[in-house]
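To keep things clear, I will list the structure first and then write my remarks on it.
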Amino acid sequence: MNAPVDYLLHLADNAVVLGQRNAEWCGHGPILEEDIALANVSLDHIGQARLLYQLAAARMGGGASEDSLAYFRDETAFRNYTLLELPHHGPLVGYAASDRDYAVTIVRNFFYGALMVLVWDALTRSADADLAAIAAKSLKEARYHLHHAADWVVRLGDGTDESHARAQAAVDHLFRYTEEFWLPSPAETEAVASGIGVDVVSLRAAWDALVDETLAEATLSRPAVRGYVPEGKLGRHSEHLGYLLGEMQGLARAHPGATW
Amino acid sequence: MYTQAMDIPDAAAKPAGVSRTPDAQDAAFEARIDADGRIEPQDWMPEAYRKTLVRQISQHAHSEIVGMLPEGNWISRAPSLKRKAILIAKVQDEGGHGLYLYSAAETLGTSRDQMLEALHSGKAKYSSIFNYPTLSWADVGVIGWLVDGAAIMNQIPLCRCSYGPYARAMVRVCKEESFHQRQGYEALLVMMKGSDAQKAMVQDAVTRWWWKCLAMFGPPDADSPHSAQGLRWGIKRIGNDELRQKFVDATVPQAEVLGVTLPDPDLKWNEARQHYDYGQIDWAEFWATVEGDGPCNRERLATRVKAHRDGQWVRDAALAHARKQQQRKNKEAA
Amino acid sequence: MNTPALKEWPLWEVFVRSKQGLEHKHCGSLHAADAAQALHMARDVYTRRQEGVSIWVVPSAAITASNPDDKGELFDPAADKIYRHPTFYAIPDEVGHM
């Protein structure tokens, strides 16, 4: 049984976009040890993206490759959660400049990590054996990522007044973007119907429990969410993805057909 | 891995003078050095030896972490996912090497914070090679091939350094390092088999970096303020000129295989010497860059300072949480 | 008060067991706020190339080291106890391995 290509691309785009964002800290981390730790998280995501793109490319044929999928698709073709493309700072327009805020980085990794331990775990039982194998590998990585992020959420929330305020602001800023997790896309619905994908809605209670437990330990609160629900996985993104892809894809696109 | 000329004096460093009355400790130390023995942190050592080591090891550590910046410049734009992963892993390794080296220096009684303070205030130096910009993707390959290649020449002898923790850190660094030069050279090989634009990119990068890499070995031994003492103490094992020659001899054939031209009209094989002759290095430009007036000194240093300052609240938070946890534990126990 | 005195994270010594059945070996040190964090950081710093299957971290300050000045009295007296070594004893060849 083969997963719908759009479903694989959704998983791959998530991984590449977050890998790209986290790598922005490389050389700028709050302390050397943490710089190294976050680079490991980033490397895991780039690795997941490569496996998923390779699988999608093999299924698509027609000369598709991991790099044609990562570098030569436009913004609207990307199927990642909007949460993952946001810059490492609070809500600002796409072309605004700001310092990176480690609290935003950590809270984002935490929300996504909590989801992905559940998603990958379910996908180890996917009817698509290739996808199940990628899930088994990614699950171990995701557990470590969640551990890393949750540990820091607690340290920031329960740390100093400043770190508590920053962590709470990051939670308040990012929480609404998690609403998209629970909105099934056509690709997800199709994948669930054929026993390949995971029904994300069924994971919500477990995700809530994971998140609430850590937020409580961190003395952070969960904001009420209403209004806008992001639709990144449908290809409708924030203002930020265009900049991210412009930077990521620019060199490759300036030399179409080149091998690196 | 990045070291160069570790005999660049810090702004405030005094010449490593040896003007003590010899005593038993001193004699024992000198005897151990003469016997090519190792010095360990608890051992008595002359103050000048300690100071020289702190300067050299911390300069080396600073070079690793400042060295993350020029290559980090291309992580977000790496033209394939494979190259992106390789580059992240490599830049991350450099951070690791910095960490091992700071740890080695800490055994001498200087904290990492003190060393960072010296870097941030401009008192401590780092390898000047990182004060040049990385202008194209080919720079990443050339840094791996030439800059890491030059660094390897410098660092392999340091695995036999007389100071145990430094030597052990260098063993670890060199082991991890072996992939850095190879990945750079291989990336360039692939580009040289590619389009004209890719080939031009490689040649341009080689032209810009070649002379800077030769200067990495430091001034000629005759003009090198710390070389003699460093050699005597087994902190430095091979002189600058000999290492530079070794590097040139090793690199010329690699450039031929790659198909690039090294930008030196005087570069030619000398049958009598059994070495390559090479042209004059622009030492005035080198010293200007060491003194802070290279193209990127300010950007590099300011970026390190900013990362450290911006991270303060994160470090404080972790410590505050650890203390609260400890207090809670103590309360439970009471 | 919620604001700690600005201070460096404490130093930890890291010991890694490279594979099951071998001893933990000292491999370096790092800074971390507490033991749990030190373990995680040790994983990221010292096992990036599958160097380990188990990690110990110990606060550097908790290590008591022997004084190098006592090296003579501590270790030299063992030098003449050659009868502790199996090769001290001659056993006829026909006995075989013992």
Just one of the numbered conditions (1) over 18 Å from B:Glu106 (Cβ atoms); (2) surrounded by fewer than 22 Cβ atoms within 10 Å (Cβ to Cβ) is not true of C:Leu11; which one?
-> (1)
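Out of the residues in the stretch C:43-62 that are under 20 Å from B:Thr107 (Cβ atoms) and more than 9 Å from every other protein chain (Cβ to nearest Cβ), state the one that is surrounded by the fewest Cβ atoms within 10 Å (Cβ to Cβ). Before you say what the answer is, go through the steps one by one.
Keep residues of the stretch C:43-62 that are under 20 Å from B:Thr107 (Cβ atoms), which gives C:45-46, C:56-62.
Going one step further and asking which of them are more than 9 Å from every other protein chain (Cβ to nearest Cβ), we end up with C:56-59, C:61-62.
Working: C:Trp56: 16, C:Val57: 21, C:Val58: 15, C:Pro59: 14, C:Ala61: 10, C:Ala62: 8.
Step by step, filter the stretch C:43-62, then rank; the result is C:Ala62.
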Does A:Asp67 satisfy being in a helix (DSSP H, G or I) and either closer than 26 Å to A:Arg176 by Cβ or in contact with a Ser or Thr (Cβ under 8 Å, 6 or more places away or on another chain) (or both)?
-> yes
Out of (1) more than 10 Å from every other protein chain (Cβ to nearest Cβ); (2) surrounded by 24 or more Cβ atoms within 10 Å (Cβ to Cβ); (3) in contact with a His (Cβ under 7 Å, 6 or more places away or on another chain), what's the single condition that is false for A:Glu75?
-> (2)
Filter the stretch B:56-79 down to residues that are open to solvent by 10 Å² or more (accessible area, probe 1.4 Å), within 8 Å of chain A (Cβ to nearest Cβ) and of a type outside the set (A, V, I, L, M, F, W, C), then give me how many there are.
-> 3
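Suppose we keep only residues that are of a type in the set (A, V, I, L, M) and under 16 Å from the mean Cα position of the chain (by Cα) within the stretch C:63-77. Which one would you say is most open to solvent (accessible area, probe 1.4 Å)? Steps first, answer last, please.
Let us first name the residues in the stretch C:63-77 that are of a type in the set (A, V, I, L, M), namely C:63, C:65, C:74.
Okay, now just the ones that are also under 16 Å from the mean Cα position of the chain (by Cα), so C:63, C:65.
Values: C:Ile63: 85, C:Ala65: 60 Å².
Selected residue: C:Ile63.
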Just give me the residues in the stretch B:289-315 being more than 8 Å from chain A (Cβ to nearest Cβ) and of a type in the set (Asp, Glu), in sequence order.
-> B:Glu291, B:Asp293, B:Glu299
Hey, could you check the stretch B:38-54 for residues that are out of contact with any strand residue (DSSP E or B) (no Cβ under 9 Å at 6 or more places or on another chain) and open to solvent by less than 20 Å² (accessible area, probe 1.4 Å) and say which is nearest to B:His180 (Cα to Cα)?
-> B:Thr52
Please state which one of A:Gly195, A:Gly242 is modelled with pLDDT under 95 and surrounded by fewer than 21 Cβ atoms within 10 Å (Cβ to Cβ).
-> A:Gly195
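Listed here are the residues, each with its yes/no results for (1) free of Cβ contacts under 8 Å to residues at least 12 places away in the same chain; (2) buried (at least 22 other Cβ atoms within 10 Å of the Cβ).
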| position | (1), (2) |
| --- | --- |
| A:Val41 | no, yes |
| A:His45 | no, yes |
| A:Ala49 | no, yes |
| A:Arg59 | no, no |
| A:Gly62 | yes, no |
| A:Leu69 | no, yes |
| A:Leu83 | no, yes |
Take the residues of the stretch A:11-52 that are at the interface with another protein chain (Cβ under 7 Å from one of its Cβ atoms) and under 12 Å from A:His145 (Cα atoms): which is farthest from the chain's Cα centre (by Cα)?
-> A:Ala37
Apart from one, (1) assigned to a loop (DSSP other than H, G, I, E, B); (2) more than 13 Å from chain A (Cβ to nearest Cβ) all hold for B:Ala48; the odd one out is (1)
Close pairs from the stretch A:11-38: first under 30 Å from B:Ala61 (Cβ atoms), partner of a type in the set (Phe, Trp, Tyr) and open to solvent by less than 10 Å² (accessible area, probe 1.4 Å), Cβ under 6 Å, at least 6 apart = A:Pro30/A:Tyr102
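The values are calculated or read from the model by the stated rules, or taken from the named source; none is laboratory data. As the structure is a prediction and not an experimental result, all values here were calculated from the model. Note: ideal-geometry Cβ built from the backbone for every residue, glycine included; neighbour counts use all protein chains shown. What goes into the accessible areas is simple: the full protein's heavy atoms, side chains included, and nothing from ligands, DNA or RNA. Shrake-Rupley method; radii C 1.70, N 1.55, O 1.52, S 1.80 Å.
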